[in-house]
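All of the numbers you see were taken from the coordinates with simple rules; none came from a lab. This structure is a prediction, so every number in the text was calculated from the model and none was measured. Cβ sites come from the backbone with ideal geometry, for glycine too, and all protein chains shown count toward neighbours.
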Amino acid sequence: MQTGIIGLPQVGKTSLFRILTRAAATGGRSVPGQAHVGIARVPDARVAKLSEVFKPKKITYATIEYVDIGGLQKDREKNSASLVPLREADALAHVVRLFENPAVPHEGGSLDALRDIVNVDLELILTDLEQCAKRIERVEKDLKKKKETILETELQLLIRCRLALEAETPLRELEFKPEEMKMLTGFMFLTRKPMIYVLNLGDEEASEIDRVVEKYHLEKLALKPQTAVVPFCGKIEAELAELDDAEAAEMMKAYGLAESGRDRLIQASYRLLGLISFLTCGEPECRAWTIERGMSAQKAAGAIHSDIEKNFIKADVVKWEDLLKAGSFAAAREKAQVRLEGKEYIVQDGDVILFRHGG
Ligand SMILES: Nc1nc2c(ncn2[C@@H]2O[C@H](COP(=O)(O)OP(=O)(O)OP(=O)(O)O)[C@@H](O)[C@H]2O)c(=O)[nH]1
Ligand SMILES: [Mg+2]
C-alpha cells in the first residue's frame, strides 16, 4: 500500500518523506518521473509489548510505502506529467506549509493553509477532469457506432463524476455503488484517493498542536469523507528522528508534544487506507501482518503464505491483550481466551492468530 506525498514547492515534502521512511532497511529507490519510493514501519505498541514477554528472535512490524514527487508547478502540463507516479498510489498526503523560513520563502508569498489546500485540490481536480472528459468523448463516439448497455452505464457514471469535478468537488466525497467503484478503478482518479492534509507547523506552534485545526479554520475539512487533517512540526520531527527513544521523549516533553507526529501520521495513513493488522507471536518471531479491514480468516492467512490460505483448516485466535496478560498461548487457552475459528471468521485488528493448515 502506497501513499503519495504532494504539495507546492518548498513546503517540506522531502523532509517529511525522510522522517517517515527513516526506519527503511532498503533505503529509497528511484522510479521514473523523479519520484522516490521509501518504506515506513507502522508503529505498533502491541508488537512491542508482546515482544517483551515472548522475547522472539525476530520482531517484524507492518510497513507502508511513501512516494515523494517534486513540488507542483504553475504549469499545468508539467504537473500532469509529474502527477503520473501518483496514479498508482492508494492515498495522498498533501503537505501544507505553515512554518516561517525567510531563507526559503513560500511560493505564495505568505502562509495560508486554506488557500494552498484549495489550489492544490484544484490542480488534482483539473487533472481528473481532463481524463474524465477524454474518456467521455471516447465512449460517446463508441456509443454512436453501437449501443451497448455497459458503455451507457459508464457514460452516466462519468458524467456524474464530471459534474462533481466541475463543481470543484473531489470524487472521494461522492458515494459509489460497488459495481461503479469497479468501473472507476481503471481510471485511477487522483481525487478519489483518500487524502491526508499534513499541516507542517513552525516550532512555536508545537505546544498548541491540538488546537491548530480550529486555528486555521479546517474543522469542516477534517470531517469530510476519507479525509484526515494531521498537524505536524517538520523541523522538530526531523530532529527527533535522529535521537534515541529516551532523548526523543525528553525533547517532546520540552516542546509539550504528547506523541510523535511521525507515528500519528503513519497511523492516519494506515486507517485511511482501510488497513488493520493481525499478529503472529512465537519464539522465532513476533510480527504484524497487514490486511484490509473486513477480511476473512482464510483470506488473511494468504498474507502469510498462499499455501496456508489454500490448505486452511482452522485458526486459533486470541486478543492481543489477553495473550499479553496470560503470558503464553497455553495459559490463555486455560482461561478459555483462545477461540477456534473457521475460514469465514472476520479478523479483528489486534487478533493474534495461529493458523492450522494441511498440505
Ligand atoms: N523552518 C523550517 N524549515 C523547513 C521545514 N521543512 C522544510 N524546511 C526547509 O524548507 C526547504 C525545503 O524543504 P524540502 O523538504 O526539500 O521541501 P520540498 O517540499 O521537498 O521542496 P521541493 O521538492 O523542492 O518542492 C529546506 O531548506 C528545508 O530545510 C520546517 O518544518 N521548518
Ligand atoms: Mg522535495
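Couple of notes before you dig in:
- Using the Karplus relation 6.51 cos²θ - 1.76 cosθ + 1.60 with θ = phi - 60°, the per-residue 3J(HN,Hα) values for the stretch 138-144 come to 4, 5, 4, 4, 4, 5, 5 Hz, with x marking Gly and Pro.
- By the rule of a C-alpha distance below 18 Å, with chain neighbours fewer than 8 residues away ignored, the lysines paired with residue 253 are 235.
- Whole-number percent relative contact order across the chain, with pairs defined as alpha carbons under 8 Å at least 6 apart: 19
- FRET efficiency, 1/(1 + (r/R0)^6) with R0 41 Å, evaluated for residue 140 and residue 112 via beta carbons: 0.55
- Scalar couplings 3J(HN,Hα) for the stretch 232-244, obtained by applying the Karplus form with A = 6.51, B = -1.76, C = 1.60 to θ = phi - 60°, are 7, 9, x, 5, 5, 4, 5, 5, 4, 4, 8, 9, 7 Hz; x denotes Gly and Pro.
- DSSP bridge orientation in the chain - percent antiparallel, rounded to nearest 5: 50
- Cross-link reach is defined here as a Cα-Cα straight distance under 19 Å, omitting same-chain residues fewer than 8 places apart; for residue 147 the aspartates and glutamates meeting it are 137.
- FRET E, pair residue 334, residue 283, Förster distance 25 Å, beta-carbon r, rounded to 0.05: 0.80
- Counting only residues at least eight positions apart within a chain, or on another chain, the lysines with an alpha carbon under 19 Å from that of residue 144 are 134.
- The stretch 121-187, dipole about Cα centre (Lys/Arg Cβ +1, Asp/Glu Cβ -1), debye to the nearest 20: 500
- Note on residue 103 and residue 187: their simple-model spin labels are 4.5 nm apart, each label 7 Å out from Cα toward Cβ.
- Debye, to nearest 20: dipole size of the chain, +1 on Lys, Arg Cβ, -1 on Asp, Glu Cβ: 1300
- Per-peptide average of other Cβ atoms within 10 Å, ordering 239-249, 315-325, 88-98, 143-153 highest first: 88-98, 315-325, 239-249, 143-153
- Interchain or long-range residues, amide H under 5 Å from residue 229's placed H: 197
- Per-residue packing, averaged as other Cβ atoms within 10 Å, sorts the ranges 54-65, 209-220, 99-110 into the order 54-65, 209-220, 99-110, beginning with the highest.
- Spin-label pair residue 203/residue 167, simplified geometry with 7 Å Cα→Cβ offset, distance in nm: 4.7
- Extension gain, residue 152 back to residue 247 (0.36 nm per residue minus Cα-Cα distance, nm): 28.1 nm
- Karplus-derived HN-Hα couplings along the stretch 103-110 (A = 6.51, B = -1.76, C = 1.60, θ = phi - 60°), whole Hz, x at Gly and Pro: 5, 10, x, 6, 3, x, x, 9
- Distance from the stretch 207-228 to the stretch 92-145 (C-alpha centre basis), Å: 20
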